[in-house]
Structure formats: structure tokens, C-alpha cells
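Q: The following block contains the structure, expressed as C-alpha cells.
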Amino acid sequence: MSLDLSAPVGDSPGLPSALERLDHIIPLGRENDLAVFLDYDGTLTPIVEDPNEAVLDAAMRDIIQRLADCCRVAVISGRDLQDVRRRVALEHIFYAGSHGFEIAGPAGQHKENQEATALLPVLTDAERSLREQLSAVPGCKLERKRFSIAVHYRLVDREEDVDTIENAVDEVLEVFTKLRKTSGKKLYELQPDIDWDKGRAVEWLLDNLNVAPAEVLPLYLGDDITDEDAFWVLRERGIGIRVGEQDDQQRTTAQYRLRDQEEVRRFFEQFLSRLDGR
């Protein structure tokens, strides 16, 4: 499969809008089997103060269902597998939880990273230590997921408290050396320090879609630094779309941008409508 995946140059600085470049993207979708990969928080739902309030609305769920009716779809999230599966609540698609440490498919496919599973007791000990150190920090929220510990500081008011949180995380890492720190939007996350991320999860999924890899065009939408691993993996074989306002300080290997969930919805509505003409 020979594709011109480079994004046309626009008039404004930064990444071109995927909505404004549909004329370039649609022919690629018509000529190849599509595989659509979607992050959850910040891509399908807005970023909210309380992660429990990140609810998928009916219009976006309908978009995902329409995509699943015509191509392969996977939702890849930092949330636990069962959590993201419950929130999307659609059959016949793939789900990858914990940044891809656990994956499930519509035909009973299941992959759990065994190296990460072996480190679950280490995560439990690290969580206990972090709770002891951060229990008195106002606004700090610890969220234990199966394969990670998320330390949220979105509700922390004082900059010195944010510094205290990062220092505590770094101190825990000095003790629990088999873990690594990643950063996201107003959070730090501790994960097993192994060679696995969203990019590796996408590669595994592409190998398990039961189609010839050379015939698949992957399309990945994500909003956070953890999605950059997937953009990098797909930079020469697929299309990466970064969701969020343009930030010249944020380096990305995505080719296009959409500003928010409303633009994500509009993009796929127009994409599906025009794709039907293939």
C-alpha cells in the first residue's frame, strides 16, 4: 500500500485542521480498510475535575457505533479495561485499558501484559506509601487503577502543594524502582516500567484485526502526551489527529488537529457521510 500521508500545509501555523483537510483524508479512507483508534478522556469526552463525571454522551456513542458498522474500532484509555468498557458500552469493538496493559476484543480476544501483572504487588506498596505522604494535601486525589496509580492535582490550589506532590511521587520512585512516572493533564501516573505503551498496544491490535497489515489505514485520535506513543508508531503508516487547542510548546507527531469533542463529532459525521459515497 503506497500512501501520501503527509498533511497539506495550511495558512495558519501549527497543525492543519482535520475538518478542513477532509478532501485529503477521505480518499485514503476510501482506498483502504480503516482501523479507528480512539482515546477516551479529552477525546470522546471533555476533561472534567472529577474523572467519574466523564460521561460519553449519546451523540458520540452513536458516532462510535456508526464507525463500528463500517470499520474496525478500538477505544484505548488510561482507565481500567472494565471502566472504559462500561462507559462506552458498545459491543463489536476492541477495548484497551490501562494504556494498553490489558486488551479485550469482540470475539473473546484478550491480552494481559504478564510483566505488568507480576508488578501488581509493587503498585500496591507504592500506593500505600503515596497515600501516607499525600493524605494531608488539599485537593490531591489518588486513583488506584489495576496497572497504575494516578495522582490528580487539578483541584490543588497552591503551587507549593503541586511541588510537594511531585516530590512525593519522585521519592516513591526512588524506592520502587520497577515503576516509572508519566505525566498527563494535571496528573502524574506510576506504571510498571516495562516496554509497553499505547503505541505498542496499537501495534498488537493491528496484528490481531484479521486483515493484511498492508491493507489497513489506521486513524488515531488522542489528546494527551500518552497518545504520542501511538502517533509515533503510526507516523508513516496511518493518520494521527491531536485533539485540543493548538499549543506551540507541545511537540507532536500527529499530522492534524481537532480543537474539541464537538469538532471530533463533526469530523466523523462528515467523514462517515462522505465515506458512504465510496
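The values are calculated or read from the model by the stated rules, or taken from the named source; none is laboratory data. Just so it is clear, the structure is predicted and the values come from calculations on it, not from any experiment. For neighbour counting, all protein chains shown are included, and Cβ atoms are generated from backbone atoms with ideal geometry for every residue, glycine included.
Q: Determine the pairs where a residue that is under 20 Å from ARG30 (Cβ atoms), located within segment 258-274, has a partner that is outside any helix (DSSP H, G or I) with Cβ atoms under 6 Å apart, the partner being 6 or more residues away or on another chain.
A: Close Cβ pairs (under 6 Å, with a partner that is outside any helix (DSSP H, G or I)) amount to PHE267/ALA18; PHE267/LEU19; PHE267/LEU258.
Q: I'd like to check something: does segment 60-75 contain any residue that is at pLDDT 95 or above and part of a loop (DSSP other than H, G, I, E, B)?
A: No.
Q: Take segment 204-215 and flag every residue that is within 18 Å of CYS70 (Cα to Cα) and part of a helix (DSSP H, G or I).
A: LEU205, LEU206, PRO213, GLU215
Q: Quick check on segment 254-274: of everything there that is surrounded by fewer than 18 Cβ atoms within 10 Å (Cβ to Cβ) and more than 18 Å from the chain's Cα centre (by Cα), which residue is nearest to ASP41 (Cα to Cα)?
A: Out of the qualifying residues, it is ARG266.
Every residue, every condition in (1) outside the structural domain of ALA35 (by TED's automatic domain parsing); (2) at pLDDT 90 or above; (3) closer than 15 Å to GLY29 by Cα; (4) among the hydroxyl-bearing types (Ser, Thr, Tyr), yes or no:
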residue	(1), (2), (3), (4)
ASN208	no, no, no, no
VAL211	no, no, no, no
GLY240	no, yes, yes, no
ASP248	no, no, no, no
GLN255	no, yes, no, no
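Q: Follow-up. Determine whether segment 78-94 contains at least one residue that is touching a residue at least 12 places away in the same chain (Cβ under 8 Å), farther than 24 Å from GLU112 by Cα, in contact with a Lys or Arg (Cβ under 9 Å, 6 or more places away or on another chain) and not polar (S, T, N, Q).
A: No, the conditions are met nowhere in segment 78-94.
Q: Give ALA150, ALA168 a once-over and let me know the one that is closer than 22 Å to ASP41 by Cα, outside any loop (DSSP other than H, G, I, E, B) and of a type outside the set (Ser, Thr, Tyr).
A: Criteria check complete, one pass: ALA150.
Q: Sticking with this structure for a sec: Given the condition of a type outside the set (Lys, Arg) and free of Cβ contacts under 8 Å to residues at least 12 places away in the same chain, answer yes or no: does some residue in segment 220-241 qualify?
A: Looking for residues that are of a type outside the set (Lys, Arg) and free of Cβ contacts under 8 Å to residues at least 12 places away in the same chain, one finds none in segment 220-241, hence no.
Q: Please specify each residue of segment 89-111 satisfying the condition of being crowded, with 16+ Cβ neighbours inside 10 Å and farther than 15 Å from VAL73 by Cα.
A: Matches in segment 89-111: SER98, HIS99, PHE101, GLU102, LYS111.
Q: Okay, next question. List pairs: first residue in segment 95-116 and over 23 Å from THR182 (Cβ atoms), second residue at pLDDT 95 or above and not in a strand (DSSP E or B) anywhere in the structure, Cβ distance under 7 angstrom, at least six positions apart or on different chains.
A: PRO106/ILE93
Q: Another one. Exactly one of these conditions fails for LYS186: (1) modelled with pLDDT of 95 or more; (2) in contact with a Lys or Arg (Cβ under 6 Å, 6 or more places away or on another chain); (3) of a type in the set (Lys, Arg). Give me its number.
A: With (1) modelled with pLDDT of 95 or more; (2) in contact with a Lys or Arg (Cβ under 6 Å, 6 or more places away or on another chain); (3) of a type in the set (Lys, Arg) applied to LYS186, the lone miss is (1).
Q: While we're on this one: So which of VAL151, VAL202, VAL122 is of a type in the set (Val, Ile, Thr) and closer than 19 Å to GLU228 by Cα?
A: Checking each option against the conditions leaves just VAL202.
Q: How many of the residues making up segment 171-187 are in a helix (DSSP H, G or I) and surrounded by fewer than 19 Cβ atoms within 10 Å (Cβ to Cβ)?
A: Residues meeting the conditions: 4.
Q: To continue, here is another question. Restricted to segment 134-154, and to residues that are within 24 Å of ALA116 (Cβ to Cβ) and over 19 Å from the mean Cα position of the chain (by Cα), which residue is surrounded by the most Cβ atoms within 10 Å (Cβ to Cβ)?
A: Within segment 134-154, the match that is surrounded by the most Cβ atoms within 10 Å (Cβ to Cβ) is LEU134.
Q: Let me ask another. Take the residues of segment 65-82 that are under 16 Å from the mean Cα position of the chain (by Cα) and buried (at least 20 other Cβ atoms within 10 Å of the Cβ): which is farthest from LEU206 (Cα to Cα)?
A: So, considering only residues that are under 16 Å from the mean Cα position of the chain (by Cα) and buried (at least 20 other Cβ atoms within 10 Å of the Cβ), the one farthest from LEU206 (Cα to Cα) is ARG79.
Q: Mind checking which residues of segment 188-202 are under 30 Å from ALA214 (Cα atoms) and surrounded by fewer than 18 Cβ atoms within 10 Å (Cβ to Cβ)?
A: ILE194, ASP195, listed by residue number.
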